[in-house]
């Protein structure tokens, strides 16, 4: 291994998923033990929305033992259900065993290709990404529980959730336009996207939000051991003008961080280490 | 094939693969050249700070017109942790090139005039249809066709990203660096204004409820909604001014798209006159991206409607009816 790996602990590459090119994996230079999956929010970017998480390996052993998978999707175009289905369908490609071909490009390996399977899976979601994570998990749980003996337990149900200001209670009425202020076509874009399925689905008490909550609480309540993955650990920003701050009854006790906005609550830096610690431990 | 374990060489291979994909998607022409120059600049900078190995067999040839891309490169701007800054910046630069943004930049830089106008016309018509038709089964497809127009100019790049800076500053840079830039951007702004007015007009019935919510919310949202209301009122003034469409020279013979463009130009004229009372025709032409001839035709007609009046020095300011427009402006509603 060359001398640079001690200064930058991961190398990244883009991975193709269902014909798309918007997932990015940061590969540890040593043998990792866990996979941390990040799902961004509305109008976010796969990696940029989580800026500086990729540098956490410089500060913490925990992150030097992790590969980081950043999930991208077009939030202004794709339906929430569609993205959740893709997440549920594609994740088994990466966990518990990473395909060896991801470790090499043109015969050059990022690390020796003999790593053991991952032993931990963390699903980290921000805002809309939090709802997508919840939906993917409850779909996986339902499919498995309703087909007793016919399907193996989905690896997805090994996961632990870490959600930053999840949109599982929907967007606030005025919050929607907040996303469009900086776009040159801001108001036009906002008005046209009111016609999209995401806008309908993110209205408080929409059928999608209500069903996701009811199903999650039912499965997590009736099958607490098998469906522990459905219980989220949540960190809210305070103030948060974008989403309704509602947790599910089956979630762990939630936390809030003061002085961070909806957009910045999930971005660690040298003076704000809370996001890094929250992902590691589940508490701020 | 030999097997090597090297994170830095792996980074280089990943970098080459990603820029090859982007350059290929750019479709040739000036945009591809610019991306090649940008890739070359990233590579040079990355080798200087030992992010990439210095041995490289896949370097891009520097293009002759790359100076406007690489201008101002300075490794000191990467700060105390150049590897992390470089790595984060590189990924951010890639992610900025979404499909919508790639199409936007390719059209802006490489489309000929006919193709450019065809796409602008198409997108305005698509979006009008999208909001006028309820339960439109083709909505998704239509928004896909319009996504370059709605989302392509929306760069989320940080200011300090050196090799990609030309993209985050593209509104100014491309305008200055290309002969057609100024005209193309004026047309683009006009089309955006039309799209915004179309959307605003068709949703105005929902406005009061949204405003009631916004007034209970944070100040920043009140400002957004006030801007929204400003546009609604401007459109209503235009619609209800007696004979205005005819005065604009776009009566029964004019197309709907043409009427909308003219209404957008009128709105921008009124906004500029309100913002800078006494503004001259040359200044106005520059500010709103119209020709002097268009303004020499438009302003006397608006003067007859009482919406503007000429000053003694030959400039233009709001007239009695135009001041109704002024009173609907941002900050007046609370």
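Helical runs assigned H by DSSP (4 residues or longer) give chain A a calculated mean residue ellipticity at 222 nm of -7500 deg cm²/dmol, each run adding -39500 (n - 2.57) before division by the residue total.
Using a 10 Å cut-off around each Cβ of peptide A:25-37, what is the average number of partner chain Cβ atoms that fall inside?
The shielding value for this peptide is 1.
Peptide A:101-111 shows a mean partner chain C-beta count of 6 within 10 Å per residue C-beta.
The relative contact order of chain A, computed from alpha carbon pairs under 8 Å that lie at least 6 residues apart in sequence, is 18 percent. Taking a ≥ b ≥ c as the square roots of the eigenvalues of the Cα gyration tensor, region B:1-53 is classed as oblate, since a/c reaches at least 1.5 and a/b does not exceed b/c. Quick check on region A:76-173: take the gyration tensor over C-alpha atoms, sort the square-rooted eigenvalues as a ≥ b ≥ c, and tell me if it's rounded (a/c under 1.5), prolate or oblate. Oblate shape, in that a/c is at least 1.5 and b/c is the bigger or equal ratio. Quick check: the distance between the Cα centres of region A:202-227 and region A:82-155, to the nearest angstrom? About 21 Å separates the Cα centre of region A:202-227 from the one of region A:82-155. DSSP beta bridges fully contained in region A:6-153 are about 50 percent antiparallel.
Peptide B:144-157 has a mean shielding of 4, counted as Cβ atoms of other protein chains within 10 Å of each residue's Cβ. Taking the empirical scaling 2.2 N^0.38 Å for compact globular proteins as reference, region A:232-284 has a Cα radius of gyration ratio of 1.10.
With contacts taken as Cα pairs under 8 Å at a separation of at least 6 residues, region A:76-141 carries a relative contact order of 42 percent.
Each listed q (0.08, 0.12 Å⁻¹) maps to a log10 I(q)/I(0) for chain A from the Debye sum over equal C-alpha point scatterers, namely -0.32, -0.74.
When you count the other C-beta atoms within 10 angstrom of each residue and take the mean per peptide, B:312-320, A:198-206, A:23-31 line up highest first as A:23-31, A:198-206, B:312-320. By definition, a body whose alpha carbon gyration tensor gives a ≥ b ≥ c is oblate when a/c is 1.5 or more and a/b is not larger than b/c, and region A:25-107 fits this oblate description. Highest mean packing comes first when the peptides A:254-260, B:305-311 are listed by Cβ atoms within 10 Å, giving B:305-311, A:254-260.
Read the figures in this text as sums done on the coordinates, not as results from a lab. It should be emphasised that the depicted structure is a prediction, and the values quoted were computed from it without experimental measurement. Glycine also receives a Cβ, built like all others from the backbone with ideal geometry; neighbour counts cover every protein chain displayed.
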